[in-house]
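Structure first, then comments.
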Amino acid sequence: MQTIIQTRGFKLTQALQEYTHKRLAYAISFASEHVQRITVRLSDINGPRGGEDKRCKLVLKMQGMPSMVIEDTESNLYSAIDRAVERASRSLARILKRRHMYQISSSIIS
């Protein structure tokens, strides 16, 4: 599973990069054989004006399935990463469960 982190409006720090990699590795590890690439786009929408403007956008490219896009905006970038990764993990688990159930029902019918 390849992970690409891009930033807009600020420089990517080593700490932020490591944090993002660890959160993704922990949350998506159960489906690593299904996910080819994760692109993480971190941005500061309002710049120095502040407010709820830190965005984390995840694009998961998966094998044999459409790409999944998850986005979250918070006042803290680490919180935005946490929420986006948690949502991606839940969505991915749900998609894989449905796919597995479909494969089981298809094999029973055949």
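Would you kindly derive the ³J(HN,Hα) couplings of the range 31-40 from the backbone phi angles with the Karplus curve 6.51 cos²θ - 1.76 cosθ + 1.60 (θ = phi - 60°), listing them in order in whole Hz, with x for Gly and Pro?
Listing the rounded values in order: 10, 4, 6, 9, 9, 7, 8, 10, 9, 10 Hz.
Considering every Cα-Cα pair within the range 1-97, what fraction, in whole percent, is farther apart than 22 Å? Don't skip to the answer; put the middle values down first.
Values: 1152 of 4656 pairs.
Cα-Cα pairs of the range 1-97 separated by over 22 Å account for 25 percent.
Using Cα pairs closer than 8 Å and at least 6 residues apart in sequence, work out the relative contact order for the range 2-109, in percent. Write out the running numbers ahead of the final one.
Working: 150 pairs, mean separation 24.2, N = 108.
RCO, the range 2-109: 22 percent.
Throughout, read-outs are computed from the coordinates displayed, never taken from laboratory work. Everything numeric in this text was worked out from a predicted model, so none of it was measured.
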